[in-house]
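Engineer: Structure in structure tokens, see below.
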Amino acid sequence: MSRNPNPNTVAYWDESELRHEIDRVFDICSGCRRCFNLCDSFPYLFERMEAADDDATRLSTAEIERVVSLCFQCKVCGFQKCPYTP
């Protein structure tokens, strides 16, 4: 999986690959937090990560789905704020 996923690859359709990528990106975001004020998904993500001892693998599917549903899909976090570009 990558920042620009390709639906023509096997990894794109593999749920375990997706979860691995989500965990990786959430860990990076939680460690940096420069995006805290961009949309409602970040405060919720950081709250849930703190409750999970900053371990994204401990987040439930429902928590991940909530983070995703709160995202505006504006991409400001990745293109303007993120120094890591996960």
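Engineer: Let me see the pair-distance distribution of the chain: every alpha carbon pair, 5 Å bin width, integer percents in order.
Structural biologist: Percent of Cα pairs in each bin: 3, 15, 24, 26, 21, 9, 2, 0.
Engineer: So for the chain, taking the charge dipole from beta-carbon charges (+1 Lys/Arg, -1 Asp/Glu), which of 49, 18, 6 sits furthest toward the positive end?
Structural biologist: 6
Engineer: What net charge do the residues around residue 83 carry, taking every other residue with its C-beta under 12 Å from that of residue 83, with Lys and Arg at +1 and Asp and Glu at -1?
Structural biologist: +3
Engineer: Kindly provide the helix-only [θ] at 222 nm of the chain, computed as the sum of -39,500 (n - 2.57) over DSSP H runs of four or more divided by all residues, to the nearest 500 deg cm²/dmol? Present the calculation step by step, with values, prior to reporting the outcome.
Structural biologist: On the way: 3 runs with 39 residues, N = 86.
Here the helix-only value at 222 nm equals -14500 deg cm²/dmol.
Engineer: Now for a different question. Compute, for the chain, the length of the dipole vector about the Cα centre, with Cβ point charges of +1 (Lys, Arg) and -1 (Asp, Glu) only. Units Debye, rounded to 20.
Structural biologist: In total the dipole reaches around 460 debye.
The numbers here are math on the coordinates, done by the rules we state, and not lab data. What you are looking at is a predicted structure, and each value in this text was computed from that prediction instead of being measured. When we count neighbours, we look across all protein chains shown, and the Cβ atoms used for this are built from the backbone with ideal geometry, even at glycine.
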